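Novice: First the structure, then my questions, so here it is.
The values are calculated or read from the model by the stated rules, or taken from the named source; none is laboratory data. Treat the numbers as computed from the prediction; the structure is a model and nothing was measured. Here the Cβ positions follow ideal geometry from the backbone for every residue, glycine too, while neighbour counts run over all protein chains shown.
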Ligand code: SF4
């Protein structure tokens, strides 16, 4: 499994929603919500969201066993 974290630098631009809509979403268009733990099959799209986040707010922890 993969753990997905978003820190306080997120300004809800929504880029991650385009990259991985199955993991990220916007609530009321102004607050990001996301799945904290996702399947390994989502790694590519989550990594893309991490790379493309304009605020570098996303971090991804692989091999999460929590
Ligand atoms: S792309 Fe980054 S700044 Fe934009 S909503 Fe996602 S986490 Fe927040």
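Novice: Under the condition of being part of a loop (DSSP other than H, G, I, E, B) and in contact with a helix residue (DSSP H, G or I) (Cβ under 8 Å, 6 or more places away or on another chain), which residue from region 5-31 is surrounded by the most Cβ atoms within 10 Å (Cβ to Cβ)? Step through it out loud before you land on a result.
Specialist: So in region 5-31, the residues part of a loop (DSSP other than H, G, I, E, B) come out as 7-14, 20-23, 28-30.
The next check asks that each one be in contact with a helix residue (DSSP H, G or I) (Cβ under 8 Å, 6 or more places away or on another chain); those that pass are 20, 22-23.
Numbers: 20: 24, 22: 12, 23: 21.
If we take residues in region 5-31 being part of a loop (DSSP other than H, G, I, E, B) and in contact with a helix residue (DSSP H, G or I) (Cβ under 8 Å, 6 or more places away or on another chain), then 20 is surrounded by the most Cβ atoms within 10 Å (Cβ to Cβ).
Novice: Kindly indicate which of 45, 59 is at pLDDT 95 or above and surrounded by fewer than 17 Cβ atoms within 10 Å (Cβ to Cβ). Please lay out each step first, then the result.
Specialist: Numbers: 45 fails: surrounded by fewer than 17 Cβ atoms within 10 Å (Cβ to Cβ).
On inspection, the qualifying residue turns out to be 59.
Novice: Of everything in region 32-63, what is under 13 Å from residue 2 (Cβ atoms) and part of a loop (DSSP other than H, G, I, E, B)? Give them in sequence order.
Specialist: Across region 32-63, the qualifying residues are 35, 36, 39, 62, 63.
Novice: Let me ask something else about it. What's the number of the only condition in (1) more than 8 Å from the chain's Cα centre (by Cα); (2) modelled with pLDDT of 95 or more; (3) within 10 Å of the ligand (Cβ to nearest atom) that residue 50 fails to meet?
Specialist: (1)
Novice: Kindly list, by first and then second residue, each pair from a residue in region 54-66 that is at negative phi and in contact (Cβ under 8 Å) with a residue 24 or more places away in the chain to a residue that is in a loop (DSSP other than H, G, I, E, B) and more than 8 Å from the ligand (Cβ to nearest atom), limited to pairs with Cβ atoms under 7 Å and residues at least 6 apart or on different chains.
Specialist: From residues that are at negative phi and in contact (Cβ under 8 Å) with a residue 24 or more places away in the chain, the pairs are 57/7; 64/1.
Novice: Hey, another quick one. So which pairs qualify, if the first residue must be in region 6-18 and more than 6 Å from the ligand (Cβ to nearest atom), the second must be assigned to a loop (DSSP other than H, G, I, E, B), the Cβ gap must be under 6 Å, and the two must be at least 6 apart or on different chains?
Specialist: Cβ pairs passing all conditions: 7/57; 9/55; 9/57.
Novice: Taking the condition in contact with a strand residue (DSSP E or B) (Cβ under 8 Å, 6 or more places away or on another chain), closer than 18 Å to residue 62 by Cα and within 11 Å of the ligand (Cβ to nearest atom), does residue 2 pass? Show your work before the answer.
Specialist: Numbers: in contact with a strand residue (DSSP E or B) (Cβ under 8 Å, 6 or more places away or on another chain): yes; closer than 18 Å to residue 62 by Cα: yes; within 11 Å of the ligand (Cβ to nearest atom): no.
Considered against the rule, which asks whether it is in contact with a strand residue (DSSP E or B) (Cβ under 8 Å, 6 or more places away or on another chain), closer than 18 Å to residue 62 by Cα and within 11 Å of the ligand (Cβ to nearest atom), residue 2 comes out as no.
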